[in-house]
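To start, the structure under review is shown below, and the notes come after it.
The values are calculated or read from the model by the stated rules, or taken from the named source; none is laboratory data. Owing to the predicted nature of the structure, the values given are computational and were not obtained by experimental measurement. Neighbour counts are summed over all protein chains in view; Cβ atoms, including those assigned to glycine, are modelled from backbone coordinates with ideal geometry.
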Amino acid sequence: MRPLAVALTALSILVLTACGDSGSGAASSGLVPEDAAVYGTVTLDPEGDQETAVRGIAERFPDGDKLEEQIEKGLSEAFRESGLNYAEDVKPWLGDEAAFFVSRIREEEADAAVIVETTDEDATREAFQKVGAGKAKERSHKGTDYLLKDEAAYGVVDGRAVVGTEAGFKLAVDTGDGGASIEGSDRVEEALDRLPDEPLASVYIDGRKLLSSLGPEGALFAPFVGALKEPYVVGVSAESDAVIVDSTVPAALAGLAAPLLLGTGTGVVQDLPADSFFAAGQPEVGESIGQLVRLFASAAGGQQQIEAQVRQATGLDLNDDILAWMGDLGAFAGGTSLEQLRAGAVIETKDPDTSRRTLAVLGRLARKEADPSTRVVPLSLPGGGDGFTLESPEVPQPVHVAQRGERVAIALGDESAEALLEPTDTLGQDPGFTDASGRLGEGFEASNYLVFAPILELAENEGAAQDEEYQKAKPYLEPFARLVAGTRKDGDVVLSRTRVEFR
């Protein structure tokens, strides 16, 4: 492993275990060049409410009461390959804050560096000499000496330990020597100000700069340039029983997100079954898919080519017959065994007549293309509706593709289909969900919900209880209670918040 990779691994461990206030990252930002495409800070010295919160969470896990020992063990392993003893060679001079940046990416290399405050410059240089072990080349840039080994540069710049690619190290020196730094940049500060105060760590990503730095290799992502007008930022903080990840996403990009991963909140989630262990939603899914098609059309022969292929394969018009009627989407899963598993997705239709005709066409296509062991029959759902049913010996329950009123569903089994088409006992009535979504904060609407205990029960009922590796992992899984994520609009960006809550 290259020394730079060791430093980045160590910083990653510090990011995951550190706590403190956000203000301490400002000093290292003075060495980060203004044109950095990626910039992050993390506080290394635990103190205040964040320290209490992290310790409270850690104590829920095995040996969590030995947090310092666990951190030191992880850091010792990270630094060992570079020839350093963390306790003796690094810990004595490690300061309170760290930062990192990526300015440019070229093929397999980047102009990047990790910057860590040091309390003892001489001890830091001694540590770097050990890393070099007589094999490093001595170099100097604008009066700042550094070591170069395996394409990684090590040195002390303005009271900070800097480890990076040689180009990244020189950028830090140039910035500290009067070059324009990211510190005080209105664009950066405005973006980071959207995060809550005092995060454990924060990262700023300027998508346009990052793509432009890729040169010809960035051409694949060129369709996204228009959606990256605003930068992306993410911050991690902690409460006594939760880790919170806040981020911003340009509104145009949020609309393109994979519906069940990064989509924006929708009220459809509240109408999903109350006992769901997984629930997710995306508003206006037809528009989102349409935007994706338009973005990538050039790589697939143009939008007209895509539309022609869909028409040839199905006889349907991609826009008028498929996307135009698709409104908000919701998906769920529940149950604690494969026999009891319930799952499905529902789309609110904005044009019931068109969606009904589309289902009829899809039913005919399914009957024509189905595997010989799969039966495609008229909808057999007891409650009725329009659509069709697929029956296969490999699936324990029938799969219904059905429309009733202004809802179109694809569901595993009768119970799932009825719950989606005629919602009664819903998440919106479940105290666990309403409490969790309420803790997201004012204005946030839930987009994703995950409850861990039923998932563990499902795994154990299907044989994991007898699995030795699962039993080793179980004590580290049991402290997790639920995950809830939601979004709210703030001008030209979407604010996203994810809470991972613990028992």
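The residues listed here are E77, E47, E68; of these, the one that is modelled with pLDDT under 85, surrounded by fewer than 16 Cβ atoms within 10 Å (Cβ to Cβ), of a type in the set (D, E, K, R) and touching a Gly at 6+ places or on another chain (Cβ under 6 Å) is E47.
Each residue in the stretch 169-215 was checked for being crowded, with 19+ Cβ neighbours inside 10 Å and in a helix (DSSP H, G or I), and 14 of them qualify. Among strands (runs of 3 or more DSSP E) entirely within the stretch 76-166, having at least 3 residues that are of a type in the set (A, V, I, L, M, F, W, C) singles out 94-106, 109-118, 152-157, 160-165. Considering the stretch 134-147, the residues that are crowded, with 19+ Cβ neighbours inside 10 Å and over 22 Å from G30 (Cβ atoms) include one that is farthest from the chain's Cα centre (by Cα), namely A136. In contact with a Gly (Cβ under 8 Å, 6 or more places away or on another chain) and either farther than 28 Å from V361 by Cα or at pLDDT 85 or above (or both): is that true of A299 in this structure? No, not satisfied.
R60 satisfies every condition listed in (1) surrounded by fewer than 21 Cβ atoms within 10 Å (Cβ to Cβ); (2) part of a helix (DSSP H, G or I); (3) touching a Phe, Trp or Tyr at 6+ places or on another chain (Cβ under 6 Å) except (2).
With the structure loaded, tell me whether V399 is without any contact (Cβ under 8 Å) to a residue 24 or more places away in the chain, farther than 30 Å from G64 by Cβ and out of contact with any Phe, Trp or Tyr (no Cβ under 7 Å at 6 or more places or on another chain) or whether it fails that test. Judged against the criteria, V399 is a match.
Of all residues in the stretch 378-431, which are modelled with pLDDT under 95 and of a type in the set (V, I, T)? Once the filter is applied, which keeps residues that are modelled with pLDDT under 95 and of a type in the set (V, I, T), the stretch 378-431 yields V395, T424.
Within the stretch 453-467, residues that are in contact (Cβ under 8 Å) with a residue 12 or more places away in the chain reach partners that are surrounded by 13 or more Cβ atoms within 10 Å (Cβ to Cβ) and among the hydroxyl-bearing types (S, T, Y) with beta carbons closer than 7 Å, at six or more positions or on different chains, in the pairs P454/T336; E457/T336; L458/T336; N461/T336. Any chance the stretch 466-485 includes a residue that's of a type in the set (S, T, Y) and outside any helix (DSSP H, G or I)? No - not one qualifying residue is present in the stretch 466-485.
Pairs linking a residue in the stretch 373-384 that is in a loop (DSSP other than H, G, I, E, B) to a residue that is surrounded by 14 or more Cβ atoms within 10 Å (Cβ to Cβ) and of a type in the set (K, R), with Cβ atoms under 9 Å and 6 or more positions apart or on different chains, are L381/R404; G383/R404; G384/R404. Checking V346, V361, V310 one by one, the residue that is modelled with pLDDT of 95 or more, in a helix (DSSP H, G or I) and either over 25 Å from D275 (Cβ atoms) or in the same structural domain as A409 (by TED's automatic domain parsing) (or both) is V361 and no other. Looking across the stretch 324-334 at every residue that is under 20 Å from A280 (Cβ atoms) and either of a type in the set (A, V, I, L, M) or not assigned by TED's automatic domain parsing to the domain that holds A366 (or both), the one that is farthest from the chain's Cα centre (by Cα) is identified as M326.
Out of V376, V395, V408, which single residue is of a type in the set (V, I, T) and under 20 Å from V268 (Cβ atoms)?
Values: V376 fails: under 20 Å from V268 (Cβ atoms); V395 fails: under 20 Å from V268 (Cβ atoms).
Within the list V376, V395, V408, the selection yields V408.
Here G134 fulfils each of the conditions (1) out of contact with any Asp or Glu (no Cβ under 9 Å at 6 or more places or on another chain); (2) within 23 Å of L200 (Cα to Cα); (3) not hydroxyl-bearing (S, T, Y) apart from (2).
Out of all the residues in the stretch 135-155, which are out of contact with any Gly (no Cβ under 8 Å at 6 or more places or on another chain) and of a type outside the set (S, T, N, Q)? Across the stretch 135-155, the qualifying residues are K135, A136, K137, E138, R139, H141, K142, G143, L148, D150, E151, G155.
In the set L94, L195, which member is in contact with an Asp or Glu (Cβ under 7 Å, 6 or more places away or on another chain) and of a type in the set (A, V, I, L, M)?
The conditions single out L195.
Only residues in the stretch 278-298 that are assigned by TED's automatic domain parsing to the domain that holds T349 count as the first member; pair them with residues that are charged (D, E, K, R) and surrounded by fewer than 17 Cβ atoms within 10 Å (Cβ to Cβ), Cβ under 6 angstrom, at least 6 apart or cross-chain, and list the lot. Pairs found: none.
The residues of the stretch 110-124 that are more than 18 Å from S28 (Cα to Cα) and surrounded by 14 or more Cβ atoms within 10 Å (Cβ to Cβ), listed by number, are A110, A123. Residues that are at pLDDT below 95, in contact with a helix residue (DSSP H, G or I) (Cβ under 7 Å, 6 or more places away or on another chain), over 27 Å from T266 (Cα atoms) and assigned to a helix (DSSP H, G or I): does the stretch 313-327 have at least one? Yes: the stretch 313-327 contains one or more residues that are at pLDDT below 95, in contact with a helix residue (DSSP H, G or I) (Cβ under 7 Å, 6 or more places away or on another chain), over 27 Å from T266 (Cα atoms) and assigned to a helix (DSSP H, G or I).
Just the residues that are within 30 Å of G302 (Cα to Cα) and at pLDDT 80 or above, please, taken from the stretch 211-248. Explain how you work it out, then say what you get.
Within the stretch 211-248, the subset within 30 Å of G302 (Cα to Cα) is 211-232.
The answer is P231, Y232.
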